[in-house]
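J.: Dumping the structure here so I can ask a few things about it.
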Amino acid sequence: MRRRAMMMLAILTALWATTGHAQTLTGTLKKVKDSGTLTLGFRENSLPFSYTGSDGKPAGYSIDLCQEIAVAVQQELKLANLQVKWVAVTPDNRIESVVNGTVDMECGSTTASLSRQEKVDFTLMTFVDGASLLIAEGSGVKTVRDLGGKRVGVVPGTTTERAVADFLRATSISATVVPVKDHDEGLAALQTSKIEAYASDRTILVGLVLQARGTARYALIPDDLSYEPYGFMVRRDDSAFRLVANRALARIYRSGAIGAIYSKWFGALGKPTPALVLMYALQGLPE
């Protein structure tokens, strides 16, 4: 009887351990474990953060960080192989794509705002930027105070749209806000004089200037219209997956590996701003 009782205890212990392990896998981690696939959203034209490269594959600063997170997910789940599936998202559908499970995480240039956290969660911060204006030579715009009577292009549904509206309202400057589909359309509208200024995050505007090299002369106004802390969107109430992503990001910041990734995508712009250096330091959380 004693031997039988000990055997039963061993069996129950093994079952409890197996069940307990299975219960720890919920949400995205369970989905990835079951399917062997991690689905990541990317922007097709948010250079240099997330865009389609010349080889037709996703490229950019955010893409490199997400690939590191994908490796961390594979290690966490002890998968021999992990397929990473990339799905293009737009400013219009990026939040809904995370909410409805079309993508497991969005790897772009999305500002982590409180209003967006009503629908999605965010990883640790990945970048710090500010909204500004790209202008073409001869536009008559040199500072934000020159926007009176001008046309300003902006992508609807972005934090930049809200920043522009708030600034115009606060200063009583009368300017016409022109909605554009994406950054490519905004640049095209500026090139064809359909607008006098295009509003977006400063680093993205620099990317557009590099993209448009040789077609016209452009400049960035010195003013910042907003504070834009970026993060990767994940589904709400999925703390286990978010923790894996956060651990990967914190390790990159803490180890200094972020230096090479920054230089790869922003080296031509010079050293990171003091605000960005501070962000890396504060987000490099200890284990």
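J.: Just to check, using Stokes-Einstein with a Kirkwood Rh over alpha carbon pairs, what's the diffusion coefficient of the chain at 25 °C and 0.890 mPa s in µm²/s? If you can, show how the numbers build up before the last one.
T.: Numbers: Rh = 20.7 Å.
Roughly 118 µm²/s, to the nearest whole number.
J.: How would you order 104-110, 73-79, 267-273 from highest to lowest mean count of nearby Cβ atoms within 10 Å? Show your work: numbers first, answer last.
T.: Numbers: 104-110: 27.7, 73-79: 15.4, 267-273: 12.1.
With the highest mean Cβ count within 10 Å placed first, the list reads 104-110, 73-79, 267-273.
J.: If you take every DSSP beta bridge whose two residues both sit in the range 33-148, what share of them, in percent to the nearest 5, is antiparallel? Mind dumping the intermediate values first?
T.: Values: 4 of 14 bridges.
Percentage antiparallel, nearest 5: 30.
J.: While we're on this one: Please list, or write none, the lysines whose alpha carbon is within less than 28 Å of the alpha carbon of Lys78, excluding same-chain residues fewer than 8 places away.
T.: Lys30, Lys31, Lys33, Lys57
J.: Right, here's the next one. If the cut-off is 29 Å between C-alpha atoms, which lysines fall inside it for Lys194, apart from same-chain ones fewer than 8 positions away?
T.: Straight-distance partners of Lys194: Lys142, Lys150, Lys181.
J.: Still on this structure, please answer the following. Convex hull volume of the Cα atoms in the range 203-287, per residue, in Å³? Could you put the intermediate results ahead of the total?
T.: Working: hull volume 11.6 nm³, N = 85.
Dividing the Cα hull volume of the range 203-287 by its residues yields 136 Å³.
J.: Let me ask something else about it. Each residue of the range 268-276 in turn: what ³J(HN,Hα) in whole Hz from Karplus with 6.51, -1.76, 1.60 and θ = phi - 60°, glycine and Pro shown as x?
T.: In residue order, the calculated couplings are 5, 8, x, 5, x, 5, x, 5, 6 Hz.
J.: A further question follows. How do the peptides 81-90, 183-192, 40-49 rank, highest first, by the average count of neighbouring beta carbon atoms within 10 Å per residue?
T.: Answer by packing, highest mean first, reads 40-49, 183-192, 81-90.
J.: Rounded to whole Å and sorted largest first, what semi-axes of the equivalent ellipsoid does the C-alpha gyration tensor of the range 158-241 yield via the square root of 5 times each eigenvalue? Please report the intermediate quantities before stating the final value.
T.: Values: eigenvalues 141, 71, 30 Å².
The three semi-axes for the range 158-241 are 27, 19, 12 Å.
J.: Got a sec? Charge dipole of the chain, +1 on Cβ for Lys and Arg, -1 for Asp and Glu; which of Cys107, Ala248, Gln75 is way out at the positive end?
T.: Result: Gln75, furthest along the dipole toward the positive end.
J.: Also, I was wondering about something else. Please state the relative contact order of the chain as a whole percent: Cα pairs under 8 Å, 6+ residues apart?
T.: Working: 465 pairs, mean separation 70.2, N = 287.
Contact order relative to length: 24 percent.
J.: Still on this structure: Please name which of Leu168, Phe127, Thr26 has its Cα lying farthest along the dipole of the chain towards the positive end, using unit charges on Cβ (Lys, Arg +1; Asp, Glu -1) and the Cα centre as origin.
T.: Farthest along the dipole direction, towards plus: Thr26.
J.: Further, regarding this structure: For the range 192-208, just list the computed ³J(HN,Hα) in residue order, Karplus coefficients 6.51, -1.76 and 1.60, θ = phi - 60°, integers in Hz, with x standing in for Gly and Pro.
T.: Whole-Hz 3J(HN,Hα) from phi for the range 192-208: 9, 6, 6, 9, 9, 8, 10, 9, 6, 5, 3, 5, 5, 5, 4, x, 5.
J.: OK, next. Per-residue HN-Hα couplings for the range 40-49, Karplus 6.51 cos²θ - 1.76 cosθ + 1.60 at θ = phi - 60°, whole Hz, x for Gly and Pro?
T.: 10, x, 9, 8, 7, 8, 9, 4, x, 7
J.: Next up: About the Cα centre of the chain, what is the dipole size in debye to 20, counting +1 per Lys and Arg Cβ and -1 per Asp and Glu Cβ, all else neutral? Write out the running numbers ahead of the final one.
T.: Values: 32 positive and 28 negative charges, 201 e Å.
My answer is approximately 960 debye.
J.: Now a separate question. Direction-averaged shadow area of the convex hull around the Cα atoms of the range 26-112, nm²?
T.: 5.8
J.: Check which residues have an amide H placed less than 5 Å from Ser226's amide H, if you skip close sequence neighbours.
T.: The answer is Ala131.
J.: In nm, to one decimal, how far is the modelled label at Arg251 from the one at Asp237, with both set 7 Å along Cα→Cβ?
T.: My value for the distance between the label points is 2.9 nm.
J.: Let me ask another. Pull up the DSSP beta bridges for the range 17-91 and report the antiparallel fraction as a percent, rounded to 5.
T.: On the way: 4 of 11 bridges.
Close to 35 percent.
J.: Counting only protein heavy atoms, what percent of the accessible surface of the chain is carbon or sulfur at a 1.4 Å probe?
T.: Numbers: 8170 of 14760 Å².
Reported share for carbon and sulfur atoms: 55 percent.
J.: Write down the percent of antiparallel bridges among all DSSP beta bridges whose residues are both part of the chain, to the nearest 5.
T.: Details: 22 of 38 bridges.
Antiparallel: roughly 60 percent of the beta bridges in the chain.
J.: Still on this model: What is the Rg over Rh value, at two decimals, for the range 89-219, using alpha-carbon atoms and the Kirkwood definition of Rh? The partial results should precede the final answer.
T.: Details: Rg = 15.5 Å, Rh = 15.7 Å.
Radius of gyration relative to Kirkwood radius: 0.99.
J.: Give me the 1.4 Å probe accessible area per residue for the chain, excluding ligands and nucleic acids, in Å².
T.: Numbers: 14760 Å² over 287 residues.
It amounts to 51 Å² per residue over the chain.
The values are calculated or read from the model by the stated rules, or taken from the named source; none is laboratory data. Just so we're clear, the structure is a prediction, and the values are computed from it rather than from any experiment. A quick note on method: Cβ atoms are made from the backbone with ideal geometry, for glycine too, and the neighbour counts reach across all protein chains shown. These accessible areas exclude ligands, DNA and RNA; they are computed on the full protein's heavy atoms, side chains included. Shrake-Rupley method; radii C 1.70, N 1.55, O 1.52, S 1.80 Å.
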